[in-house]
Amino acid sequence: MDDEAMRGRGEDAEKGERERKTEGARKVPFFSMFRYASRADMALMAVGTVAAMVNGMGDPLMTVVFAAVIDCFGAGDNVLQRVSKVVMYYIYLGIGTALASFLQVSCWTMTGERQSIRIRSLYLEAVLKQDVSFFDVEMTTGEAISRMSADTVLVQDALGEKVGKYAQLLTTFVGCFIIGFVRGWMLALVMLACIPPNILSFAIMSRLRSQISARRQASYADAGNVVEQTIGAIRTQVISFNGEKKAIALYNTLTKRAYKATVLEGIATGLGTGGIFSVFFCGYSLAFWYGAKLIINEGYTGGQVVNIVLAMLTGSMAIGTASPSISAIAEGQSAAYRLFEIMNKEPKIDITDTSGIVLDDIRGDVELNNVFFRYPARPEQLILNGLSLHVPSGTTMAIVGESGSGKSTIISLVERFYDPQAGNVLIDGINIKSMKLQWIRGMISLVSQEPLLFMTSIKDNITYGKEDATLEEIKRAAELANATNFIEKLPNAYETMVGQNGAQLSGGQKQRIAIARAILKNPRVLLLDEATSALDMESERVVQEALNRIMVGITTLIVAHRLSTVRNADCIAVVHQGKVAERGVHDDLIKDPDGAYSHLIRLQQANTEETPEMPYVAGSRFKSTSLSLEQSIRDSPRNRRQHSSKSVGLSRSDDLFRHVASREEHLEIGDSEAPKKAPIGRLFNLSRPEAPILLLAIIAATVHGLLFPSFSIMMSGGIRTFYYPAHQLRKDSTFWALMCLLMAIISLVSIQLEFYLFGVAGGKLIERVRALSFQSIIHQEVAWFDDPSNSSGALGARLFIDALNIRRLVGDNLAVLVQCTVTLICGFGIAFASDWKLTLSIIGVIPFLGLQNYIQLRFLKGFGEDAKVMYEDASQVVAEAIGSIRTVASFGAEKRVITIYSQKCQASMKQGIRSGMVGGVGFSFSNLMLYLTYALCFYVGAQFVHDSNQPFKMFSEFTLPWFSPLLEFPKQVTWHQTQQKVENLRHPY
């Protein structure tokens, strides 16, 4: 990579960053995200929504049952009999929510997978149907891969289980408020004061996270673009020109931007979550104070007050709990906007347009009449300035000229990659604009300097010329292309995999496969764009012989830099400053010493004085000269940004084979090793520089984890005061109200610090891991990239997804682990301190919860890895298709690419659906066990209270602290799921 190219990429990355900062506020309406849902998806969403609503009513109804239990214990007599009747409602709720949970998770996961696959395929279809100018100025391969691997994941989250979770929590919110007002409207009305701050906290957090997410995704997209460009050009631009350090520097710059966005996201999330928790504790403070007044003055009961308070705060907390789902939906809406914007874009030159003239056949007469053309990427530069050129049917026209004169532009116009701004391009006297595009491209074959092969077998690569070709036709085309000898010497012959960009073949072998592909197309017009200029002498001789065979009787346009290769052409046209300056046969043109052709010959002779010309190749229609070490003849219009994107997925001249022509027939197949698991300890070792920050973050998370066990003590004390005499009730309720205010302040500070510090530590780790991984990748030996699992598309997707999982593990989920661990330990400690005998009798339910988590994780472990590998393979299809867009367009292979991509995604979808079903079973069982545990706790507590002299004290001091550890058990699933993902990462270092 040269300095100019690297600077260009950096400038384009900065430009992309500025442009996409504005996209955070742009999003599609919620229901518009479901525009691609089928009838089956509609049914799944309907069932999932109803199930989510049923599941959401579990919490409101549980507050009623809980209040009834409190009144049973507070009554003092027949406690066991009363509680035994009430706890049956917990069992009923458990069964109902278990069934609803399964339907909710499985239905929404299933429809999310189905719709996301459909969107992925339609997005790829929309990208592939864009004209070439779109890839000049609007889209690079890295951006395409990033959107396919990142934006589609965000959309899938917004279409799937997160919607079900939101519907569940919305139902909880509405149900709790209805119960609160029915049970006591006065207290419920006062408790409404908690709602506006909660909604405000959520709204601010959601908006900030959406904007920050858009900026982070933009940085990831630009970084992914660098990865794709670098790996795609690993042999030529990177290794050959020592571009590793420049690529690493640019990549690190972009990951630093992503780090800043990660820290900002931590601050925003901390403020929002801390605000929600603070409002929660303030609500209880208000409840203790005002509830006591209502008990004294309005005759409310303790259970009634508890029911109203729990209902109102559970409802308001449901909004806070829904914040991750709502944030995911908001991010999905922003991602959907970016995807749908491309999907709705209509190209000026549409390959899917079925209108236009279709003839029985064409003669191949080609004419450019007074053509003016500027490239969209460089509108200020006029490339063709009134150029006129006529190529009679069946003749060979050589087009020569200085670099930038417009030679390759003529080829692009004949293929109709672009339309001229003025003038006409005619075939058989008919303007190609009026012809059906797919049909006319089917009559034209293009062989370029850079043979573009796909990561599949030799046979499949050749059949891009004719998809339904028989094996005999394939072999005949290979024979005409002088490829039969080396193909049949390979272990798997025509079934041999060529590797990414044909990396396991030499330059000459790749070019002959490309020629066989062109032959199989049976073209009427053949376009040769520097087809032999990047080959060594022996390879050029063999390839030239193959070209000579197929050029007979076909209209041929040859763009050439070395003039000695075209001296036998039927006509030579010299292009200068966008016009045909001179034309004729070689012998006539050299007679004019002042002519443009003679001038070009003298320039080449001067340039070849230091590089001796290769000997004349006898028997060849066209003669070979020295191997050109420059590619200045490539007058491609692409600016630096697009040019670098073109290198991704394209195979340039292979330096590895260029100097070993004698070994051209040798194909080296590399063995791929089984993926290794990354040790968790190494990840934490990589976080050592942030050890002080992590220590402070863990302390903040510990304080966060202490909140609910401490609150359970306050809750039990506050509820107990509701059954005291009036004078003591006034005094104690004020005390507990002030304690809750203190908890509100502590929660606001600790949670903000927790999210900020873990954001810094996690962001630094992901920046470090990305940098080390990318550095390790580009320093691998060339053969390492021959492994299909190490293709540019797979590595680009893996760097994004795996690094994201690592950040979640050491950032968000480490915080959850610390919180849950502290809550569990403190909750159990309080319970043991209250009554160790009762605690031991109830602790028997814990193994069931642990077993449920273990079974669920074992299933998710296998499914997640399989789907991950399949999506990486699908990403490689996208990388090759976009990187080789001219080849795809020239051979009309858009539908074939989409079919291959859809097939790979279908397998991933099936794994995702299976994972969703298993997850549904797991969460269903988790809900059932939770309600059964509540029932058991209350029943066993009532059994012990039956013989106690202080029944309510026993209940409040023991039973309420149990809520904290039991509620934290399901959260462990999140930690272990992410841990498993990280352990399954295949690290390339």
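Contact list please: Cβ distance under 7 Å, first residue in segment 176-200 and in contact (Cβ under 8 Å) with a residue 40 or more places away in the chain and not assigned by TED's automatic domain parsing to the domain that holds Ala68, second residue surrounded by fewer than 18 Cβ atoms within 10 Å (Cβ to Cβ) and of a type outside the set (Val, Ile, Thr), pairs at least six apart or on different chains. Matching pairs, first to second residue: none at all.
I'd like to know if segment 733-750 contains one or more residues that are among the aliphatic types (A, V, I, L, M), outside any loop (DSSP other than H, G, I, E, B), in contact with a Gly (Cβ under 7 Å, 6 or more places away or on another chain) and at pLDDT 80 or above. There is at least one residue in segment 733-750 that is among the aliphatic types (A, V, I, L, M), outside any loop (DSSP other than H, G, I, E, B), in contact with a Gly (Cβ under 7 Å, 6 or more places away or on another chain) and at pLDDT 80 or above.
Reported count of residues in segment 328-349, each being of a type outside the set (Asp, Glu), out of contact with any Lys or Arg (no Cβ under 7 Å at 6 or more places or on another chain) and not in a helix (DSSP H, G or I), is 3. Being exposed (fewer than 14 other Cβ atoms within 10 Å of the Cβ) and over 31 Å from the mean Cα position of the chain (by Cα) holds for only one residue in Val366, Val371, Val358, and it is Val358. Applying the criterion of being in contact (Cβ under 8 Å) with a residue 12 or more places away in the chain and of a type outside the set (A, V, I, L, M) to the residues of segment 477-491, the residue that is nearest to Ser506 (Cα to Cα) is Phe486.
Among Asn492, Asn424, Asn485, which is at pLDDT 85 or above and either within 19 Å of Ser890 (Cα to Cα) or polar (S, T, N, Q) (or both)?
Asn424
Is it fair to say Asp136 is acidic (Asp, Glu), assigned by TED's automatic domain parsing to the domain that holds Phe177 and farther than 30 Å from Lys904 by Cβ? In short, no.
With respect to Arg207, is the statement that it is assigned to a helix (DSSP H, G or I), touching a Phe, Trp or Tyr at 6+ places or on another chain (Cβ under 8 Å) and either in contact (Cβ under 8 Å) with a residue 12 or more places away in the chain or on the phi < 0 side of the Ramachandran plot (or both) true? Against the criterion (assigned to a helix (DSSP H, G or I), touching a Phe, Trp or Tyr at 6+ places or on another chain (Cβ under 8 Å) and either in contact (Cβ under 8 Å) with a residue 12 or more places away in the chain or on the phi < 0 side of the Ramachandran plot (or both)), Arg207 does not qualify.
Residue check: is Tyr36 free of Cβ contacts under 8 Å to residues at least 40 places away in the same chain and on the phi < 0 side of the Ramachandran plot? Judged against the criteria, Tyr36 is not a match. If only residues of segment 137-162 that are over 14 Å from the mean Cα position of the chain (by Cα) and surrounded by 24 or more Cβ atoms within 10 Å (Cβ to Cβ) are counted, the one that is modelled with the lowest pLDDT is Thr140.
Here Pro60 meets the list (1) more than 27 Å from Ile119 (Cα to Cα); (2) assigned to a helix (DSSP H, G or I); (3) at pLDDT below 90 almost entirely, failing just condition (3). Tell me which residues, restricted to segment 79-138, are in contact (Cβ under 8 Å) with a residue 60 or more places away in the chain and acidic (Asp, Glu). Correct list: Glu113, Glu125, Asp131, Asp136.
Of the candidates Ile362, Ile351, the single residue that is closer than 30 Å to Arg118 by Cα and hydrophobic (A, V, I, L, M, F, W, C) is Ile351. Scan segment 106-116 and give yes if some residue there is farther than 19 Å from Ile179 by Cβ, within 25 Å of the chain's Cα centre (by Cα), basic (Lys, Arg) and assigned to a helix (DSSP H, G or I), otherwise no. Yes, that holds for at least one residue. Would you confirm whether any residue within segment 83-95 is among the charged types (D, E, K, R), in contact with a Ser or Thr (Cβ under 9 Å, 6 or more places away or on another chain) and more than 20 Å from Gly920 (Cα to Cα)? Looking for residues that are among the charged types (D, E, K, R), in contact with a Ser or Thr (Cβ under 9 Å, 6 or more places away or on another chain) and more than 20 Å from Gly920 (Cα to Cα), one finds none in segment 83-95, hence no. Every condition in (1) within 27 Å of Pro392 (Cβ to Cβ); (2) among the hydroxyl-bearing types (Ser, Thr, Tyr); (3) surrounded by fewer than 19 Cβ atoms within 10 Å (Cβ to Cβ); (4) at pLDDT below 80 holds for Ser598 except the one numbered (4).
Within segment 838-851, if we keep just the residues that are at pLDDT 70 or above and more than 44 Å from the chain's Cα centre (by Cα), the residue that is farthest from Ala942 (Cα to Cα) turns out to be Leu840. Identification of helices (runs of 4 or more DSSP H) wholly contained in segment 873-989 with 2 or more residues that are among the polar types (S, T, N, Q), at pLDDT 55 or above and closer than 27 Å to Asn225 by Cβ yields 885-890, 894-945.
The values are calculated or read from the model by the stated rules, or taken from the named source; none is laboratory data. Given the structure is predicted, the values throughout are model-derived calculations rather than measurements. Don't worry about glycine lacking a Cβ; one is built from the backbone with ideal geometry, like all the others, and counts go over all protein chains shown.
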